[in-house]
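Here's the structure, in structure tokens; my notes come after.
The values are calculated or read from the model by the stated rules, or taken from the named source; none is laboratory data. From a predicted model like this one, the values you see are computed outputs, not experimental measurements. All Cβ positions, glycine included, derive from the backbone under ideal geometry; neighbour counts span all protein chains shown. Keep in mind that these areas ignore ligands, DNA and RNA; they rest on the heavy atoms of the full protein, side chains included. Shrake-Rupley method; radii C 1.70, N 1.55, O 1.52, S 1.80 Å.
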Amino acid sequence: IVAFRQQQQQQEVNKNMIEFVRSAARLRYESYSGIPTNSRDNLSLVTEDIASDALKKHAWKNSGKTNTSENPSSAKESSPSHASLKAQIKDKLSSLQSIPKSALDPSPSLSVAEFEKDDDSNDHISFITAASNLRAICYGIPPVDSMETRKVAGKIVPAMITTTAFVSALSCIELVKLCTKGISLQRHRNAFINLALPFFAFTSPLPAEEYPGLRGAR
């Protein structure tokens, strides 16, 4: 059972990592390229296969660097010293001095992505879901789906079924009165309901206001 749960958790991690890389790469590309972010054509910019291949290459590269189980002494000897690392950093920084200052200024063509929770084609909810799920898994918190993310990120308060039932029932009662012959206007009712108090009030409706029509008819 433990092995099965670990396998399920690993599959959940892999799925969220692929989705995080895919959506994050697309949003970053849209921000720096200046293309519109609300286009469905951008869905093919970074596919799941591309994100999966990038993760595999990154994992293989890291495993090749950190695999020191076979011969720890040789790995320690081949690892660069602190002085050589410091020299490499200075060499990299010195190359930046030849870059003109104007090229280092922030690009004025950055695109601002406005958050939209109801459009699945912009990958906003996908990115937030994947990022929050990866962090939740690190702390042993169960991951959630995109619908739960949409409710939290969009601050959606579910409508009360009681209110909907009240409005539907009272409307149907008035419709039955309207369809029944011989019922006067005084038998109909306006309803005012506030479930927070609670408050219920029913009043007789006023006659409809008359306006002169064509040929003076009312």
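Structure notes:
- Peptide packing for 139-145, 178-184, 17-23 was compared via the average number of neighbouring C-beta atoms within 10 Å per residue; ordered from the highest value, the list is 17-23, 139-145, 178-184.
- On the beta carbon distance between T162 and K92, with R0 = 45 Å, the FRET formula returns roughly 0.10.
- These residues, I193, I161, I50, I137, go from largest to smallest accessible area, 1.4 Å probe, as I161, I50, I193, I137.
- Legend: calculated FRET efficiency, A169 to L197, from the Cβ-Cβ distance at R0 = 30 Å, rounded to 0.05, equals 0.95.
- Given in Å, the Rg to one decimal and the Dmax to the nearest whole number for the Cα atoms of region 119-218 are 24.8, 77.
- Ordered from highest to lowest accessible area with the whole protein assembly present and a 1.4 Å probe, R26, R215, R150 read as R215, R150, R26.
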